[in-house]
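Before any comments, here is the structure.
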Amino acid sequence: MSADQEQRTIRCLVAKVGLDGHDRGAHVIARAFRDAGFEVIYSGLHRAPEEIVQAAVQEDVDVLGISILSGAHNTLVPKVIEGLKEYDAFDDTLVLVGGIIPDEDKEKLLELGVAEVFGPGTPMEETVEFVEENAPER
Amino acid sequence: MNAAAETELVEELLDGKHRALARVISKVEDRAPGYRDIVSQLHEHTGHADVIGVTGSPGAGKSTLVDKLAKQYRDRGETVGVIAVDPSSPYTGGAVLGDRIRMASNVGDMDVFFRSMSARGTLGGLSTATSDAIKALDAFGKDRIIVETVGAGQNEVDIVRTADTVTVLVQPGSGDDVQMLKAGILEIGDIFVVNKADMDGASRTVADLEEMLHMERDPTAKLDTGGFEKPDHPDEDELPVDGADTDEPDEEIWEPMVLETVAKSGEGVDELIQTLDDHSAWLDDTGRREAKAKQRYAAEIRQLLRADVADLIDDELARRGGVEAMAERVVDRETDPYSVADEVLGPIEDCVEEQRE
């Protein structure tokens, strides 16, 4: 079927989990992803981990970017990852975390299966580049 | 992706695995290798879902209303699939798909399968992708499938055409929007909904819409003659008595009607659901559903063929050194567009001719 040209586009879910109303970072990253040519789905504020899992599974995103500035990452991120595993969606989803994450927690998150943690001040290009290089092959 | 993996994916989808359904829709969107075989395999399992199209200008409240509709259907025990189409940037191809945010009533309910799609590229392939995605949801076993799209442009009209029932959303005070509706959407709408009916100007918009719809079939309706008799209308005998037109029992013709809702609070959603059910029953009773499906498939076959032939010709053009070079020859007056077209198409026509025997 040579006739069809594949039009692969990277799909991202930018998610705000838990009781955390700071979404400037999420908005900025959503814009940067859009301008990089990705399709971005934004979750909206105050989402429960199950909602994020539901969205990530149904939208079949390549990249799940979780933005947390509330300090609850040690509770919420494992829940999201568990949920993804439940739907067989963990293996081919690139999970990123952005926000205020202490160094010792960063190690723990990476062990859990988070691909990278981006702290404050990370240049947009760096994040976009990371996604372009590491988006899962499907 | 090989044939075995495709079959496995299809089987997983038919088994009700969400991940498989999501992946199939991605393949359809990406036009990934093998997506055609997947859709072919799914086709025999389709034809059970009721497809509802919801269209309207940005900010009319489509997503919020779709959320409420989905909730009601879920309360009745039906499963729901939603496809929300958003525009993408023509420059980068990127998009922010925001309709999901409004799906607040169905949080954590996996039996509402919500999928955002972007209008990728300008290839006009969107309606194909949408109808293939509908097939995937249908085969998965969804009872109701709602397709939501911004109602501007031919692309969108094509998409809503894939629905059994077309609902057009209008917001109050949008006099110019109603004007816009004249072109195209007025003809394809089965149900018109004035959303945000608690806002000023809602009744005015309802009246405008009704007037426009009535004009379509009865030019003298609501005509203010200042006490004089109304002029005769050739179809007058067939027309229903004033005011009774919305629920006339007449079989053959569906009279588009105007409803009012406040999607945010859920007001009027019951009536909308009732009307959707009525329309659905009408489709079945009159055999229109089947007729529509036939039309749709005919259009689909045509579109597929056209796209395939266009690709074939693109290959041929590339093989002959690209269309740019030909254009240059035309500019230099060495040849003309018609001759070039004949030159390219000639061999293909000969091939087809040969095969016909």
In segment B:1-46, residue surrounded by the most Cβ atoms within 10 Å (Cβ to Cβ) [restricted to those that are of a type in the set (Asp, Glu) and farther than 25 Å from residue B:294 by Cβ]: B:29
Checked segment B:107-121 for anything in contact (Cβ under 8 Å) with a residue 24 or more places away in the chain and either at the interface with chain A (Cβ under 9 Å from one of its Cβ atoms) or among the aliphatic types (A, V, I, L, M) (or both); matches are B:109, B:110, B:112, B:113, B:114, B:115, B:116, B:117, B:118, B:119, B:120, B:121
Is there a residue being under 28 Å from residue B:136 (Cα atoms) and either within 14 Å of chain B (Cβ to nearest Cβ) or at pLDDT 95 or above (or both) anywhere in segment A:116-133? no
If you go through segment B:1-54, how many residues are of a type outside the set (A, V, I, L, M) and more than 22 Å from residue A:86 (Cβ to Cβ)? 22
Just one of the numbered conditions (1) modelled with pLDDT of 95 or more; (2) out of contact with any Phe, Trp or Tyr (no Cβ under 7 Å at 6 or more places or on another chain); (3) over 28 Å from residue B:128 (Cα atoms); (4) within 11 Å of another protein chain (Cβ to nearest Cβ) is not true of residue A:51; which one? (1)
Between B:334, B:271, which is under 30 Å from residue B:67 (Cα atoms) and modelled with pLDDT of 90 or more? B:271
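If only one of B:44, B:78 is away from chain A (no Cβ under 14 Å), touching a Lys or Arg at 6+ places or on another chain (Cβ under 7 Å) and farther than 27 Å from residue A:10 by Cα, which one is it? Write out each step before concluding.
Details: B:44 fails: touching a Lys or Arg at 6+ places or on another chain (Cβ under 7 Å).
Exactly one residue qualifies, and that residue is B:78.
Go through A:60, A:88 for me and flag whichever is surrounded by 21 or more Cβ atoms within 10 Å (Cβ to Cβ), within 27 Å of residue B:104 (Cβ to Cβ) and within 14 Å of another protein chain (Cβ to nearest Cβ).
Within the list A:60, A:88, the selection yields A:60.
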Given (1) among the acidic types (Asp, Glu); (2) touching a strand residue (DSSP E or B) at 6+ places or on another chain (Cβ under 8 Å); (3) modelled with pLDDT of 95 or more, number of the condition residue A:39 does not satisfy: (3)
Please note which helices (runs of 4 or more DSSP H) are completely contained in segment B:1-113 and include at least 2 residues that are within 25 Å of residue B:190 (Cα to Cα). B:62-75
Give me the pairs: first residue in segment B:282-306 and over 19 Å from residue B:254 (Cα atoms), second residue of a type outside the set (Val, Ile, Thr), beta-carbon distance under 7 Å, and six or more apart or on different chains, which are they? B:300/B:131
Within segment B:302-316, identify whether any single residue is surrounded by 15 or more Cβ atoms within 10 Å (Cβ to Cβ), modelled with pLDDT under 95 and away from chain A (no Cβ under 14 Å), and answer yes or no. no
Enumeration of residues in segment B:68-99 that are surrounded by fewer than 24 Cβ atoms within 10 Å (Cβ to Cβ), in contact with a Ser or Thr (Cβ under 9 Å, 6 or more places away or on another chain) and charged (D, E, K, R): B:71, B:74, B:86, B:99
Those residues of segment B:28-85 which are under 24 Å from residue B:279 (Cα atoms) and of a type in the set (Asp, Glu), in sequence order: B:50, B:67, B:75, B:78
Checking residue B:321 against (1) loosely packed, with under 12 Cβ neighbours inside 10 Å; (2) modelled with pLDDT of 90 or more, the condition it does not meet: (2)
Determine whether segment A:11-19 contains at least one residue that is more than 9 Å from chain B (Cβ to nearest Cβ) and in a helix (DSSP H, G or I). no
Identify all residues within segment A:22-42 that are within 7 Å of another protein chain (Cβ to nearest Cβ) and among the small types (Gly, Ala, Ser); write none if there are none. A:30, A:36, A:37
All positions within segment B:87-105 that are at the interface with chain A (Cβ under 9 Å from one of its Cβ atoms), polar (S, T, N, Q) and touching a helix residue (DSSP H, G or I) at 6+ places or on another chain (Cβ under 6 Å): B:92
Only one of these conditions is not met by residue A:26: (1) surrounded by fewer than 17 Cβ atoms within 10 Å (Cβ to Cβ); (2) of a type in the set (Gly, Ala, Ser); (3) touching a Phe, Trp or Tyr at 6+ places or on another chain (Cβ under 8 Å). Which number is it? (1)
Does residue B:60 meet the test of being touching a residue at least 24 places away in the same chain (Cβ under 8 Å) and within 13 Å of chain A (Cβ to nearest Cβ)? no
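The values are calculated or read from the model by the stated rules, or taken from the named source; none is laboratory data. Keep in mind it's a predicted model, so treat the numbers as computed, not measured. Heads up, the Cβs are rebuilt from the backbone with ideal geometry, glycines too, and the neighbour counts pull from every protein chain shown.
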